[in-house]
Amino acid sequence: MDRPATPPAALASGQAAPAHAAPEGARATAGRVNLHRFANPGRFLRLSGQLLPWIAAAAALLLGLGLAWGLAFSPADYQQGETVRIMYIHVPSAWVAMACYSTMAIASASALVWRHPLADLVAIECAPIGACFTAVCLVTGSLWGRPMWGTYWVWDARLTSVLLLFFLYLGHIALVNAFDDPARGRRAGAILALVGAVNLPIIKFSVDWWSTLHQPASVSRLAAPAIHPDILWPLLVMALAFTLLFAALLLLRVRAAIYAQRARALMAARAAVRA
Amino acid sequence: MTGLSSWIAMGGHAPFVWGSYGVSALILGALAIVSWRGHRAARALVARLEAEGARRRPAPGANAAASTAAPERAA
């Protein structure tokens, strides 16, 4: 089923694309990109409504398991003592903060290239979630740094690039809302998200490219992770829990954004009838 | 109780460990609550607008209560 791209107005009312959307639709079908099957907001609401309770329940379960394991049943590190427990939230929040930005950049690209009707909403709703996870990463890292490095903050490459990630998220939120025309705001936000994606490899490789207090990657060396299984397992459980939490929050917020658009369309239709 | 109190002490780093978990719970908990309430409010608004729209344009053969609702409000 080759459904043409749905413009924002039709997205809001949940109806099929009207005839004037033909140029966009023609381009999408010419490229044989069938993403639009999943771009229908009504279908997204139905599917996400079925998935959301399961994802949220799995996130809550794994979060409980990971917290108990990390806080009570995992051993203290022989060098870092009990402060190593901060890692169980610091590292997963850092991973999710970066994964969230990747999601935002990919969604922005598909919004710009294919006019994917839900892509703009996904990109916009990624920003506050990413900002929160990045804030968690920064605060926990700071509270971990004080007892271990003797300082809350250093202006080295890793910490500064993650702070930049935080400001990219905040800047995206501000930029999207800075235009009278929402379409221009969405477009500007998408361009910012793509330009800011340059920061992701900088964060990843900052510990290798510049000298820093921050320790290098210890988990992603899959052949031989430089981390004991007693500490690695609760970390992986927490990472999965945070990822599911991110997915649940994103689905919830995109659903809310679709409802908000639909409400605006209904109110506009009512105002048009009155006039 | 020494087991519990030594666990709470976190090897003398209690403010840093519990502070990290507390701030994280606060930030992510607030995000979850705000998102959940926003979703609930937006969905309720759509349901209300759709119900009002249905009342305003009663289908032929709709019951009396529904068809008199709009004139009463107008009066």
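None of the figures in this text is laboratory data; all of them are computed from the coordinates on show. Source: prediction; values computed, not measured. Cβ placement follows ideal geometry from the backbone for every residue including glycine, while neighbour counts extend to all protein chains displayed.
Tabulated data
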| quantity | calculated |
| --- | --- |
| Residue-wise HN-Hα coupling along segment A:118-127, computed from phi with Karplus coefficients 6.51, -1.76, 1.60 (Hz; x: Gly, Pro) | 8, 4, 4, 5, 4, 4, 5, 6, 5, 4 |
| Order of A:133, A:205 - criterion: other Cβ atoms within 10 Å of each residue's Cβ, fewest first | A:205, A:133 |
| Packing-based exposure ordering (other Cβ within 10 Å, fewest first) of A:238, A:98 | A:98, A:238 |
| Amide N of segment A:174-210 lying under 13 Å from the label point, which is placed 7 angstrom from the Cα of residue B:34 along Cα→Cβ | A:174 |
| Per-residue Cβ neighbour rank within 10 angstrom, fewest leading, A:231, A:106, B:33, A:258 | B:33, A:106, A:231, A:258 |
| Peptide B:24-33 - average C-beta neighbours from other chains (10 Å radius) | 6 |
| Segment residue A:269-residue A:151, extension gain: residue separation times 0.36 nm, minus the distance between their alpha carbons | 36.7 nm |
